[in-house]
Amino acid sequence: MNKKYFVWTSGCQMNVHDSEKIAGIFTETGHHKAEGSDDADVIVLNTCSIREKAEQKFYSEIGRLKKLKKHNPGLKIAVAGCIAQQKGETLFKRFPYVDFVFGPNNIDNMQKWIDGNNVNTALEDNPDYHTKILPVRREGQVRAWVSIMYGCDNFCSYCVVPYTRGRERSRASTDILSEVESLAEEGFKEVILLGQNVNSYGNKSSEDIDFPGLLQKIHDINGIQRVRFVTSHPRDISGRLIRAMKDQPKVCEHVHLPVQSGSSKILGLMNRRYTYKEYKEKIDILRKTIPEIAITTDIIVGFPGEKEEDFQCTINALSEIDYDGIFAFKYSKRPDTKALELPDHIDERTKSDRLSKVLELQEGITYKKNKRLEGNILEILVEGESETDPERLTGRTRSNKIVNFHGDKKDIGELLKVRILEAKQHSLYGEKV
Ligand code: SAM
Ligand code: SF4
């Protein structure tokens, strides 16, 4: 068989990594990667349903594929990811040219479809999914995503993830460690541990291990030089984890800690289970223990019931916490979620207005923080050629800031010292020292 596959991906790091697993299964079954959807024999759309905008993106992509299928009736099309899980078989009605629909916890079951078995969906609970060892075809050769857990039990009132990715399940530490050991043997230098709430790793498993314990074991693997993780839930970030971050030199000084809102009233309605004061206390401990730590966050504006004074609390939080970077979103109504039933939904214009204010404020803060780094000598891990300028290489500081610089291709995969010459809004420019 010499068929070509193409995987289209939308959404979070979890989806990006899932697409690497989908590509891994195609590769193992003798398929080759196509240049694009136009020259593929089989296409998988790996979808995201976190916000309505992501859903719209999928609709326009699948619409485009209708023409391709008309010209090439042998083309096979599958829909994967969170929209697939949520919409299930209804997708066949709306898009009759789709052949297979499978959810994020059923990537292993894609094999049956590839093998030509007469199946058109894989959407079941698949409770052992977290025990499966799947082949992975990774995009880079320096840093690797590694799933440590699947699903989420937090049920934040705005979020579809618990409905699309199911209950929280941790992978066995032995499986994770052997994956990281293989990555180290293949020459990968950095691992990014993935889960919706990594701090609750191991909580529901029969193994006697928690996230800081897992971090220590991964830290001790020879060859791996940097360890990161994403995402941490603010309620569960523990003193033990903060100490582990401080004591384990390979664990990078960056934490993504989504606050969502600066108003404790809104946090309550979001079912986040912390107040802004409690969140701020954790930030203070983090900064006291690891002064050089970079902190980034997610913000939702225009959540139902968000009054002007609540929004002001978010603005104040951004100024007070002085984040290194943020991802900010307008609240988006999602099917099945509790927030749909809340009173006082906010109009689109107010949401857009608030989003602009948040982004504008943060742009200034991020730039100011980047500017402070000018003249500093920092360690970066070189990842490859810069996407924006093929003349330059790109790498990341321990605090996860992107640095572009002129270097040799042989530097790729190396830890280097660079002097920061110029701060930009979203990156830094430096020179090798
Ligand atoms: N598990 C992570 C956490 O709890 O922070 C992140 C999950 S989600 C993939 C990433 C971000 O999307 C969330 O932190 C939140 O800010 C945003 N998000 C989730 N649902 C949303 C919605 N309905 N409307 C707008 N933003 C949303
Ligand atoms: Fe969604 Fe909350 Fe779970 Fe994050 S913790 S995935 S925001 S339900």
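Observations
- Mean-square fluctuations from a GNM of the chain, with a 10 angstrom spring cutoff on Cα atoms, peak among Glu55, Glu360, Glu422 at Glu360.
- Whole-angstrom Cα spans of region 221-277 along principal axes, big to small: 46, 17, 14
- Cβ-to-Cβ counts within 10 Å put His71, His31 in ascending order as His71, His31, the fewest first.
- Other residues whose C-beta falls under 14 angstrom from the C-beta of Ser205 contribute a net charge of -3, scoring Lys and Arg +1 and Asp and Glu -1.
- Lysine pairs in region 319-423 with Cα atoms under 19 Å, if 8 or more residues apart or on separate chains: 12
- Potential lengthening of the chain between Lys417 and Gln56 amounts to 125.7 nm, from the contour at 0.36 nm per residue minus the alpha-carbon distance.
- The label point for Glu89 and the one for Ala172, both projected 7 Å from the Cα toward the Cβ, are 3.5 nm apart.
- Going from the residue with the fewest nearby Cβ atoms within 10 Å to the one with the most, Leu214, Leu193 rank Leu193, Leu214.
- Our estimate of slack between Asp284 and Glu360, defined as 0.36 nm per intervening residue step minus the Cα-Cα distance, is 24.9 nm.
- Helix-only mean residue ellipticity at 222 nm for the chain, each DSSP H run of n ≥ 4 adding -39500 (n - 2.57), per residue, nearest 500: -10500 deg cm²/dmol
- A cysteine counts as unpartnered when no other cysteine's C-beta lies under 4.7 Å of its own; in the chain this applies to Cys12, Cys48, Cys82, Cys152, Cys252, Cys313.
- Against the compact-protein benchmark of 2.2 N^0.38 Å, the Cα-based radius of gyration of region 1-148 scales to 0.98.
- For the pair Asp39 and Lys217, label points projected 7 Å from Cα toward Cβ lie 4.4 nm apart.
- FRET E, pair Ser206, Asp336, Förster distance 51 Å, beta-carbon r, rounded to 0.05: 0.95
- Positive minus negative residues near Lys87 (Lys, Arg vs Asp, Glu; Cβ under 10 Å): 0
Quick note: the coordinates plus some simple rules give every number you see, no bench work behind them. The shown structure was predicted, so the numbers you read here are calculated from the model rather than taken from an experiment. Glycine gets a Cβ as well: all are built from the backbone with ideal geometry, and neighbour counts include every protein chain shown.
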